[in-house]
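Note sheet for the following structure.
The values are calculated or read from the model by the stated rules, or taken from the named source; none is laboratory data. All of these numbers come straight from a predicted model, not from anything done at the bench. All Cβ positions, glycine included, derive from the backbone under ideal geometry; neighbour counts span all protein chains shown. Surface areas here come from the heavy atoms of the whole protein model, side chains and all, with no ligands, DNA or RNA. Shrake-Rupley method; radii C 1.70, N 1.55, O 1.52, S 1.80 Å.
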Amino acid sequence: MARLPGFVTASALALAAALAPASAQESLHVAWYGGNWGDAFKACVADPFTKATGVAVVPEVGTSTVTLSKLQQQKDAPTLDVAWMDGGVSELAEAAGVLAPITAAGVPNLKDAVPQAVYSNAKGTYAVGTGYYSLGLTYNTKEIPEAPTSWNDLWKPEYADAVTIPSPANSSGVPFLFFLHKIWNAPAGDFAPVFAKIKELKPALFFDSSGAASNAFQSSEAIIGAHFNVGAFDLIAKGLPIGFTVPKEGVWATDARLHLVKNGPRPELAQKFIDTALTPAASQCLAEKLYLGPSVKNVEVSPETAAKLPWGAKGSVADLYLLDWTEVNAKRAELVDTWNREIARK
């Protein structure tokens with residue numbers, strides 16, 4: 001008996017569906033940052049995850065605050081499974097009740113994370129870091145052949161009108177105020193000395209975004225100032241005359257953290273994804289591609305990469321100034337208001 005074309009097609013489809021791997025029928029939705037960050041997350045974590053599981057990863061690109069807003073909007077029925085968010089926003093997400101605990105049972109590699117990268121409270125672990133980055137001293141090597149040694153160098157007369165530091169509109173702005181408060185030994189809770197000192201600075205600009213900082217250094221509008229090690233070494237890789245150094249007072253730093261979304265549609269796969277990110281191979285890959293300081297124990301990187309890590313060639317996570325984000329978030333509105341009144345309108 002001749003087969004009808006429709007019958008054959010339906011049979012073939014049914015057979016294909018029955019034999020298809022899980023990857024053809026499902027995917028994992030992960031929030032991460034754009035640009036070279038997203039490229040690195042794909043190469044170092046998503047691609048190895050897909051190779052091991054057969055499950056495709058669908059990125060949802062956005063900043064940490066955009067991701068948090070999405071999680072809050074979708075709180076009752078989230079479409080995201082996993083989310084990368086920065087320190088500070090991570091704590092806000094936990095307070096908003098949109099995160100599920102990350103457990104050793106679900107994420108066995110959690111035990112291999114450095115203690116500083118595991119964020120927990122009474123309810124359990126709500127985030128785990130996947131790599132550190134710092135806001136260090138960046139400079140134009142043609143204009144300043146010898147590396148600056150102190151943050152106080154920004155106030156030298158020869159750098160007037162060629163300095164840049166972050167404004168509170170940038171995620172590093174308020175934390176940088178806390179860092180300056182620390183290195184200048186200002187009285188507890190009193191930021192007046194910090195603002196007084198900033199008023200004396202003669203900046204080319206207070207940058208609102210990392211891209212604006214990169215543009216300022218690239219155009220030589222700024223020849224010295226603060227910039228993330230990730231951004232600075234990206235400029236260096238493009239052949240620009242830029243240097244990055246860890247001054248004697250140290251650097252402020254934070255990390256890119258992974259979170260398990262509460263009530264996410266694919267919790268087992270989501271935990272597998274986080275577990276993949278906590279392997280030495282993934283941590284090494286992120287260090288090589290983004291110069292993120294490894295958050296996993298016993299990770300080896302090349303000497304060239306070691307020099308680009310947030311703590312410098314010979315440092316470690318113990319050398320970083322890591323913030324209490326609950327304290328920062330509690331003070332944030334007050335500091336932004338003071339900045340707007342005393343600095344932005346100057």
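Here are some notes:
- For the pair segment 93-121 and segment 213-264, the centres of their Cα atoms are 26 angstrom apart.
- Candidate cross-link partners of LYS142 among the lysines, defined by an alpha-carbon separation under 16 Å and a same-chain spacing of 8 or more, comprise LYS238.
- With a 1.4 Å probe rolled over the protein heavy atoms of all chains, the accessible area of ARG345, ARG332 falls in the order ARG345, ARG332, largest first.
- Accessible surface computed residue by residue for segment 77-188, with neighbouring protein chains in place and a 1.4 Å probe, gives 37 Å² per residue.
- Couplings 3J(HN,Hα) of segment 239-255, computed from phi: x, 7, x, 10, x, 9, 9, 9, x, 4, 7, x, 9, 7, 8, 8, 9 Hz, in residue order, whole Hz [Karplus 6.51 cos²θ - 1.76 cosθ + 1.60, θ = phi - 60°; x for Gly and Pro].
- A simple charge model with +1 on the Cβ of Lys and Arg, -1 on the Cβ of Asp and Glu and nothing else charged puts the dipole of segment 151-279 at about 260 debye relative to its Cα centre.
- The charge dipole of the chain, taken about its Cα centre with unit charges on the Cβ of Lys, Arg, Asp and Glu (plus for the first two, minus for the last two), comes to roughly 420 debye.
- Proximal lysines relative to LYS331, as straight alpha-carbon distance under 30 Å, when same-chain residues fewer than 8 apart are discounted: LYS70, LYS75, LYS123, LYS156, LYS182, LYS197, LYS199, LYS202, LYS248, LYS262, LYS346
- DSSP bridge pairs, the chain: antiparallel proportion in percent, nearest 5: 65
- Between the listed residues VAL328, ILE274, SER302, the Cα displaced farthest toward the positive end of the dipole of segment 196-346, a dipole computed from Cβ unit charges relative to the Cα centre, is found at VAL328.
- Label-to-label distance, nm, for residues given as GLU334 and LYS197 (7 Å Cα→Cβ offset): 1.9
- The apolar share of the surface of the chain, taken as the fraction of accessible area on carbon and sulfur atoms (1.4 Å probe, ligands and nucleic acids excluded), comes to 54 percent.
- Highest-MSF residue in the chain out of GLY62, GLY293, GLY35 [GNM, Cα springs under 10 Å]: GLY35
- Highest mobility in the GNM of the chain, judged by mean-square fluctuation with C-alpha springs under 10 Å and restricted to LYS156, LYS123, LYS297, is found for LYS123.
- Over the residues of the chain, the helix contribution to mean residue ellipticity at 222 nm works out to -10500 deg cm²/dmol, using -39500 (n - 2.57) for each DSSP H run of at least 4.
- A Förster radius of 30 Å, combined with the Cβ-Cβ distance separating GLN74 from SER120, puts the computed FRET efficiency at roughly 0.75.
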